[in-house]
Amino acid sequence: MDIQPDAPLTAFAGSHPSLQHALQERGYHEPTPVQAAVLRPDAEGRDLLVSAQTGSGKTVAYGLALASTLLDGAERLQRPAEPLALIIAPTRELALQVQRQLIWLYGTAGARVASCVGGMDIRREARALADGCHLVVGTPGRLRDHLERGRLDVTQLKAVVLDEADEMLDLGF
């Protein structure tokens with residue numbers, strides 16, 4: 001299907017308009033099966049357990065699923081304060097990959113996405129958290145460190161994603 005620049009992205013019907021725009025700019029024409037599943041009307045506002053192969057589009061899928069909760073009908077997110085969503089990944093590499101995906105997906109919605117992962121500058125992470133962000137992506141150990149030091153406020157969270165929860169259990173988290 002050929003999509004014109006201003007044509008609506010009907011294949012992603014049910015997703016937030018700002019996210020539809022981001023998908024269109026990235027050349028997404030059709031949702032993968034996992035993405036289509038989270039966009040079903042009966043999935044909205046529910047806790048979801050998603051299981052799919054690597055490369056199936058899970059990160060974009062849960063990004064799409066979070067949109068109605070995070071944006072709550074607004075075109076753009078308000079100025080960030082405490083995080084609205086927390087995404088926990090088992091490894092630094094996965095967490096940074098997730099962060100990159102969410103940055104482009106939520107870019108037109110004005111989201112600030114911070115990462116908190118071991119092996120990176122913890123002071124820079126602390127500044128990003130203090131400056132405010134909408135989504136925080138991190139690894140269990142580093143997130144715990146920020147929580148224990150009072151740098152990560154989770155009182156306003158509307159959503160939590162455990163990305164590759166089975167692997168986190170295998171790693172002993």
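Sort through 81, 95, 111, 52 and tell me the only one that's touching a helix residue (DSSP H, G or I) at 6+ places or on another chain (Cβ under 9 Å) and over 23 Å from residue 172 (Cα atoms).
Details: 81 fails: touching a helix residue (DSSP H, G or I) at 6+ places or on another chain (Cβ under 9 Å); 95 fails: over 23 Å from residue 172 (Cα atoms); 52 fails: over 23 Å from residue 172 (Cα atoms).
It is 111.
What pairs can you find where one residue is in region 63-84 and more than 15 Å from residue 14 (Cα to Cα), the other is open to solvent by 50 Å² or more (accessible area, probe 1.4 Å) and polar (S, T, N, Q), and their Cβ atoms are less than 6 Å apart, with a gap of 6+ or different chains?
Note: pairs meeting the criteria are 82/156.
If the Cβ limit is 9 Å and pairs must be 6+ apart or interchain, which residue in region 24-44 that is within 15 Å of residue 101 (Cβ to Cβ) pairs with which residue that is of a type in the set (Ser, Thr, Tyr) and open to solvent by 40 Å² or more (accessible area, probe 1.4 Å)?
25/108; 34/51; 35/28
When region 69-105 is examined, which residues are found to be among the hydroxyl-bearing types (Ser, Thr, Tyr) and either touching a strand residue (DSSP E or B) at 6+ places or on another chain (Cβ under 7 Å) or surrounded by fewer than 16 Cβ atoms within 10 Å (Cβ to Cβ) (or both)? Even if it seems obvious, please write down each step before you answer.
Let us first name the residues in region 69-105 that are among the hydroxyl-bearing types (Ser, Thr, Tyr), namely 69, 91.
If the condition is that a residue be among the hydroxyl-bearing types (Ser, Thr, Tyr) and either touching a strand residue (DSSP E or B) at 6+ places or on another chain (Cβ under 7 Å) or surrounded by fewer than 16 Cβ atoms within 10 Å (Cβ to Cβ) (or both), then 69 is the only one that fits.
Please verify whether region 121-144 includes one or more residues that are open to solvent by less than 80 Å² (accessible area, probe 1.4 Å), of a type in the set (D, E, K, R) and in contact with a Ser or Thr (Cβ under 8 Å, 6 or more places away or on another chain).
Within region 121-144 (the criterion being open to solvent by less than 80 Å² (accessible area, probe 1.4 Å), of a type in the set (D, E, K, R) and in contact with a Ser or Thr (Cβ under 8 Å, 6 or more places away or on another chain)), the answer is yes, since at least one residue qualifies.
If a residue has to be surrounded by fewer than 17 Cβ atoms within 10 Å (Cβ to Cβ), among the small types (Gly, Ala, Ser), under 17 Å from residue 164 (Cβ atoms) and out of contact with any Pro (no Cβ under 9 Å at 6 or more places or on another chain) to count, how many in region 15-67 make the cut?
Residues that pass the stated criteria total 2.
Given the structure, is residue 172 closer than 25 Å to residue 47 by Cα, outside any loop (DSSP other than H, G, I, E, B) and either at pLDDT below 95 or under 16 Å from the mean Cα position of the chain (by Cα) (or both)? Lay out the reasoning, then the answer.
Working: closer than 25 Å to residue 47 by Cα: yes; outside any loop (DSSP other than H, G, I, E, B): no; either at pLDDT below 95 or under 16 Å from the mean Cα position of the chain (by Cα) (or both): yes.
So residue 172 does not fit the description; no.
Can you pull out the residues in region 124-141 that are free of Cβ contacts under 8 Å to residues at least 24 places away in the same chain, farther than 22 Å from residue 62 by Cβ and hydrophobic (A, V, I, L, M, F, W, C)?
Scanning region 124-141 gives a single hit, 130.
How many residues are part of a helix (DSSP H, G or I) and aliphatic (A, V, I, L, M) if we restrict to region 90-139? Before you say what the answer is, go through the steps one by one.
Step one: list which residues in region 90-139 are part of a helix (DSSP H, G or I), which gives 92-109, 122-131.
Then keep just the ones that are aliphatic (A, V, I, L, M); that gives 94-96, 98, 102-103, 105, 109, 122, 126, 128-130.
Residues meeting the conditions: 13.
If residue 115 satisfies all but one of (1) of a type in the set (S, T, N, Q); (2) open to solvent by 30 Å² or more (accessible area, probe 1.4 Å); (3) within 28 Å of residue 21 (Cβ to Cβ), what's the number of the condition it fails?
Going through the list (1) of a type in the set (S, T, N, Q); (2) open to solvent by 30 Å² or more (accessible area, probe 1.4 Å); (3) within 28 Å of residue 21 (Cβ to Cβ), residue 115 breaks only (2).
Restricting to region 161-173, what's the tally of residues that are exposed (fewer than 14 other Cβ atoms within 10 Å of the Cβ) and among the aliphatic types (A, V, I, L, M)?
2
The values are calculated or read from the model by the stated rules, or taken from the named source; none is laboratory data. Everything numeric here is computed off the predicted structure, so don't read it as measured data. Using ideal geometry, Cβ is built from the backbone for each residue, glycine included, and neighbour counts are taken over all protein chains shown. Note: accessible area is taken over every heavy atom of the protein model, side chains too, but ligands, DNA and RNA are not part of it. Shrake-Rupley method; radii C 1.70, N 1.55, O 1.52, S 1.80 Å.
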